[in-house]
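Can you read through this structure? Questions will come right after.
The values are calculated or read from the model by the stated rules, or taken from the named source; none is laboratory data. Fair warning: this is a prediction, and the values are worked out from it, not measured in the lab. Don't worry about glycine lacking a Cβ; one is built from the backbone with ideal geometry, like all the others, and counts go over all protein chains shown. Protein only, heavy atoms only, side chains kept; ligands, DNA and RNA dropped before computing areas. Shrake-Rupley method; radii C 1.70, N 1.55, O 1.52, S 1.80 Å.
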Amino acid sequence: MKDQPGLRIGYLMQLGAEIRQPPFDGPANHVRHVVEGLIARGHRVQILFRLQNQIWLSEGLHRFTPVRVALIDQGPLRWLERGIRRVQSSLRLPYLNWFESVRFALAARDHLGDNDLWYERTSWMGYGGALGSRWTGIPLILEDNGDHLADLEAKQMAPAGFQKWLSLRLMNRAVHQSSAVISSGAGWREAFIQRWSYPADKVTVVENGTRLVHLLKRENIKVFQAEEPGDHAVKLVYLGGFYPWHGVP
């Protein structure tokens, strides 16, 4: 998608990261940098995200306001939700994430309904953005940051049986509601296309970056120094988590 300065963009996270206050973890830093990058290009960005069972709205990462959805957060529907959850939990019925997704879709419709497009950081079983996009006709761009099912399998938390079938069906419908996908790596792109049978020409790669170039001056980096490199071994140091669900056995 070509850059179009002046777009009104709604950034969606049904399963949110803590972007309100530091310390920011990896996902939170990623989200904040994406939002800051879009703003720097002249776009207006509103962020709608769900964190700790509360939906929040922010205008460009400044003020964060809790959001209530009157249609479902009070009255008969609220009591119906509680009753269904109690029955589902007692009988261990399949989990649909329906109330969370409908609540998020309504919040997006009510607060981001004037946007030109929605940009959503995907989450497992989070299809509120897809529902809202279908209701409003606002184009939905998905951000793919890895294979959620592979992540759950590596953590030994993956659904099984009918729950797995149902989860994949719901996710597939949500994925195919999107107009395009931005993947954070070439490997993730291939995995996404294969997992969801998504059109390859609609998936673009924008690699995850680093702030190293902003933290070090050119003369601090050995490759740019004047002297010839010696014959000693180069030491590479990686600081951070490195787990099976990152895609490496």
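Quick one: what pairs do we get from segment 148-175, first residue more than 13 Å from TRP124 (Cα to Cα), second open to solvent by 40 Å² or more (accessible area, probe 1.4 Å) and assigned to a helix (DSSP H, G or I), C-beta under 6 Å, 6+ apart or different chains?
Between residues of segment 148-175 that are more than 13 Å from TRP124 (Cα to Cα) and residues that are open to solvent by 40 Å² or more (accessible area, probe 1.4 Å) and assigned to a helix (DSSP H, G or I), the close pairs are ALA154/PRO244; ALA154/TRP245.
Out of all the residues in segment 148-202, which are of a type in the set (Phe, Trp, Tyr), open to solvent by less than 50 Å² (accessible area, probe 1.4 Å) and either modelled with pLDDT under 95 or not in a loop (DSSP other than H, G, I, E, B) (or both)? Give the derivation first.
Kept after step one, since they are of a type in the set (Phe, Trp, Tyr), are these residues of segment 148-202: 162, 165, 188, 192, 196, 198.
Filter once more, so that each one left must be open to solvent by less than 50 Å² (accessible area, probe 1.4 Å): 192, 196, 198.
Those that are of a type in the set (Phe, Trp, Tyr), open to solvent by less than 50 Å² (accessible area, probe 1.4 Å) and either modelled with pLDDT under 95 or not in a loop (DSSP other than H, G, I, E, B) (or both): PHE192, TRP196.
Out of (1) part of a loop (DSSP other than H, G, I, E, B); (2) of a type outside the set (S, T, N, Q); (3) open to solvent by less than 90 Å² (accessible area, probe 1.4 Å), the odd one out for HIS62 is which?
(3) is the only condition that HIS62 fails.
Is at least one residue of segment 12-24 of a type outside the set (Ser, Thr, Tyr), under 18 Å from the mean Cα position of the chain (by Cα) and not in a loop (DSSP other than H, G, I, E, B)? Write out each step before concluding.
Here is the first cut: in segment 12-24, the ones of a type outside the set (Ser, Thr, Tyr) are 12-24.
Next cut, under 18 Å from the mean Cα position of the chain (by Cα) only: 12-20, 24.
Now narrow it down to the ones that are not in a loop (DSSP other than H, G, I, E, B): 12-13.
Yes.
Ok, one more. Which pairs turn up if I take residues in segment 7-28 that are touching a residue at least 24 places away in the same chain (Cβ under 8 Å) and farther than 20 Å from ASP144 by Cα and look for partners that are part of a strand (DSSP E or B) and among the aromatic types (Phe, Trp, Tyr) with beta carbon separation below 7 Å, at least 6 apart in sequence or on another chain?
ARG20/PHE64
Condition check ((1) surrounded by 16 or more Cβ atoms within 10 Å (Cβ to Cβ); (2) over 25 Å from ASN208 (Cβ atoms); (3) within 20 Å of the chain's Cα centre (by Cα); (4) free of Cβ contacts under 8 Å to residues at least 12 places away in the same chain) across all residues:
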residue: LEU48; (1), (2), (3), (4): yes, no, yes, no
residue: PRO66; (1), (2), (3), (4): no, yes, yes, no
residue: SER101; (1), (2), (3), (4): yes, yes, yes, no
residue: LEU106; (1), (2), (3), (4): yes, yes, yes, no
residue: ASP116; (1), (2), (3), (4): no, yes, yes, no
residue: THR122; (1), (2), (3), (4): yes, no, yes, no
residue: LEU142; (1), (2), (3), (4): yes, no, yes, no
residue: GLY146; (1), (2), (3), (4): yes, no, yes, no
